[in-house]
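Scroll down for the structure; my scribbles are underneath it.
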Amino acid sequence: MKILVMNGPNLNLLGEREPSVYGDHSLAAINERLKECAEKNGAEIDFFQSNHEGSIVDKIQEAYGKVDGIVINPGAYTHYSYAIYDALLAVSVPAIEVHLSNINRRESFRRISVTAPACVAQIVCHGFLGYMEAIDLLAGGGPLA
């Protein structure tokens, strides 16, 4: 099994950006933990982060036929990127949307995800552990397998 973990805008600043909301782990530190999680699940893992919507769409399209699952935190694109939504639907790869914070208890604009309907699940408010839960689910350790 091969899993692609994708992160959208500003997630490259994790650990520095509003640690009270997003935690104090850097993206590199989270990725190291996710590598360990993938290995325990017998899965290969690749990482991608971009602040650019088109690059995220391109990477989703490139994943077609090459990965078995996608874990995606679209960042702010969650709330308005129909291009990412369309790309996720187009590739027919099971995707799980992850958010470090509880988007349902934040500003009203953050409560709507236009990308989640293209995913098989959404995990919010579990910090970086949400990414690990998504890997477990995609790799067969949960009810989505």
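The values are calculated or read from the model by the stated rules, or taken from the named source; none is laboratory data. Treat the numbers as computed from the prediction; the structure is a model and nothing was measured. Glycine gets a Cβ as well: all are built from the backbone with ideal geometry, and neighbour counts include every protein chain shown. The accessibility values were calculated without ligands, DNA or RNA, using every heavy atom of the protein model including side chains. Shrake-Rupley method; radii C 1.70, N 1.55, O 1.52, S 1.80 Å.
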How much accessible area per residue does the chain have, counting only protein heavy atoms and a probe of 1.4 Å, in square angstrom? 49 Å²
The set of residues whose placed amide H lies less than 5 Å from the amide H of residue 114, leaving out same-chain residues fewer than 5 positions away, is 79, 80, 81
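Let a ≥ b ≥ c be the square roots of the eigenvalues of the Cα gyration tensor of the chain; is it rounded (a/c under 1.5), or, if not, prolate (a/b larger than b/c) or oblate?
rounded
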Counting only protein chains, not ligands or nucleic acids, how are 135, 45 ordered by accessible area (probe 1.4 Å), most first? 45, 135
Please list, ordered by chain and number, the residues whose modelled amide H lies under 5 Å from the amide H of residue 123; skip anything fewer than 5 residues away on the same chain. 97, 98, 99
Whole-Hz ³J(HN,Hα) for each residue in region 3-16, computed from phi via Karplus 6.51 cos²θ - 1.76 cosθ + 1.60 with θ = phi - 60°, x for glycine and proline: what do you get? 10, 9, 9, 10, 10, x, x, 6, 6, 5, 9, 4, x, 10
Quickly estimate the mean residue ellipticity at 222 nm for the chain, helices only: each DSSP H run with n ≥ 4 gives -39500 (n - 2.57), and the total goes over all residues, rounded to 500. -9500 deg cm²/dmol
For a quick protection proxy, order the peptides 2-10, 36-44 by their average other-Cβ count within 10 Å, most packed first. 2-10, 36-44
When the solvent-accessible surface of protein heavy atoms is calculated with a 1.4 angstrom probe, in what order do 131, 77, 64, 85 fall, highest first? 64, 85, 77, 131
